[in-house]
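Everything below concerns the one structure shown next.
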Amino acid sequence: MTDRLSVYCNFSGWHHKLNTTVRYGGCSIYVLVPTLMTEAEIVAITVAADDLDRDVATKCTKLEEKIQSLWDQYMGNGVTTTHFLKSVSRLYGPSDNMTAYLVVGLSGE
């Protein structure tokens with residue numbers, strides 16, 4: 001099995017965090033500059049510590065692991081294309097306990 005290296009750029013997340021810190025704009029330069037300086041120090045420490053892994057919610061990590069496992073089985077001819085697609089659709093689809101009238105498009109509205 002080959003190692004996979006994923007690189008993600010999460011600029012929108014970084015901007016959201018920064019906007020939250022400075023109260024969504026309208027702040028003075030005296031608030032913005034120290035905030036940016038603090039962020040630059042944090043980034044420098046993070047890069048120096050080689051701690052560049054992104055924070056991912058546990059739910060997303062488990063979903064990605066399940067999909068990766070299914071993909072590996074599919075690529076190894078362990079499962080058919082139909083089984084692979086149905087399994088992935090179950091992971092992304094609505095839960096089994098939902099009734100048809102709650103699913104968008106089937107409610108008649």
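Of all residues in the stretch 24-53, those satisfying the criterion of being within 24 Å of the chain's Cα centre (by Cα) and modelled with pLDDT of 70 or more are GLU39, ALA40, ILE42, VAL43, ALA44, ILE45. Candidates in the stretch 1-23 are the residues that are among the hydrophobic types (A, V, I, L, M, F, W, C) and under 30 Å from TRP71 (Cβ atoms); of these, the one that is modelled with the highest pLDDT is TRP14.
Please go through the stretch 62-109 and pick out each residue that is within 23 Å of the chain's Cα centre (by Cα), at pLDDT below 75 and surrounded by 10 or more Cβ atoms within 10 Å (Cβ to Cβ). Matches in the stretch 62-109: PRO94 only.
Could you give me the residue pairs with C-beta distances under 9 Å whose first residue belongs to the stretch 70-96 and is touching a residue at least 12 places away in the same chain (Cβ under 8 Å), whose second residue is part of a loop (DSSP other than H, G, I, E, B) wherever it lies, and which are 6+ apart or on separate chains? As it stands, the answer is LEU70/VAL79; ASP72/MET1; ASP72/GLY78; SER87/VAL79, since those pairs meet every condition given.
The values are calculated or read from the model by the stated rules, or taken from the named source; none is laboratory data. It should be emphasised that the depicted structure is a prediction, and the values quoted were computed from it without experimental measurement. Cβ coordinates were reconstructed from backbone atoms using ideal geometry, including for glycine residues, and neighbour counts include every protein chain displayed.
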